[in-house]
Amino acid sequence: MKQDWKPGTMIYPLPAVLVSCGSTEEEYNILTIAWVGTICSNPPMCYISVRPERHSYPILKKNMEFVINLTTKDMAFATDWCGVRSGKDYNKFEEMHLTPGKASMVQAPLIEESPLCIECRVKDIIALGSHDMFIADVVNVKADEKYLNTETGKFELAQSNLLVYIHGGYYETGEKIGKFGWSVEKKK
């Protein structure tokens, strides 16, 4: 039997990402976001949702670009810390010993410790209520070579122990149980 609950956002798991922003070292900041996702694959587009009162909000709005940095089990503490501390009080890169790297297409820094960094340019901002949605074009993706399978040429992102967020908790991803289309594959 199921119970009725008040309407809420219960679509989990979500990626727990670190979004880096700013165009100069003095302005660089990191914020933790779980309200993030894909909007379109062609052209590649994604979104992040940010509360207007957050320190990063005016930085994002001014520069209109950011980097989505996927996080791993090893980055869990930094991911949480960057979500509960404000960039107006701390230099999050220094405090969490994260390395700002040079992005190829945007001025915002990427996080070198991330296995995958998605460079984004804001296309539109939509005020929704508690959060504003930054809709962005993906202009470049930087992938850590240590997850590149040299035999197949495939990027093995699942081997990076990605971090996900589920209703107030952080979890590592589990074991692979199938692949896209396996339910309808012809048996040999």
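Laboratory data are not the source of any read-out in this text; all were calculated from the coordinates shown. Quick caveat: nothing in here was measured; it's all calculated off a predicted structure. Cβ: placed from backbone, ideal geometry, glycine included. Neighbour counts: every protein chain shown.
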Which residue, chosen from A127, H97, L116, occupies the Cα position most advanced towards the positive end of the dipole of the chain, where the dipole is computed from +1 (Lys, Arg) and -1 (Asp, Glu) charges on Cβ about the Cα centre? A127
Using a ≥ b ≥ c from the Cα gyration tensor of the range 3-44 (square roots of the eigenvalues), is it rounded, prolate or oblate, where a/c under 1.5 gives rounded and otherwise the larger of a/b and b/c decides, a/b for prolate? oblate
If you put +1 on each Lys and Arg Cβ and -1 on each Asp and Glu Cβ, how big is the dipole of the range 14-178 around its Cα centre, in Debye rounded to 20? 400
Here the gain from full extension of H55 to S86, 0.36 nm per residue of separation minus their alpha-carbon distance, amounts to 10.5 nm
What distance in nm lies between label points placed 7 Å from Cα along the C-beta direction at V141 and I39? 1.8
With label points set 7 Å from each Cα along the Cα-to-Cβ direction at D4 and A158, the distance between them in nm comes to 4.1
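Using mean Cβ contacts within 10 Å as the protection proxy, how do 134-141, 153-160 order, highest first?
134-141, 153-160
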Hypothetical label at T99: residues of the range 118-162 whose amide nitrogen lies under 19 Å (7 Å Cα-Cβ projection): 118-119, 141-148, 160-161
Taking every other residue with Cβ under 14 Å from the Cβ of L157 and scoring Lys and Arg +1, Asp and Glu -1, one gets +2
Top positive-direction residue, dipole computed over the range 10-63 with Cβ charges, set C40, T24, V50: C40
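If Rh is defined by the Kirkwood formula over all Cα pairs and Rg also comes from Cα, what ratio Rg/Rh do you get for the range 146-188? Don't jump to the answer; show the numbers that get you there.
Numbers: Rg = 14.4 Å, Rh = 13.1 Å.
Here Rg/Rh amounts to 1.10.
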Which one, [x] 14.2; [y] 9.6; [z] 10.2, gives mean projected area of the Cα convex hull in nm² as derived from the coordinates shown? [x]
Below 18 Å Cα-Cα, how many Lys pairs turn up in the range 44-154? Only count pairs eight or more apart in sequence, or on different chains, if you could. 9
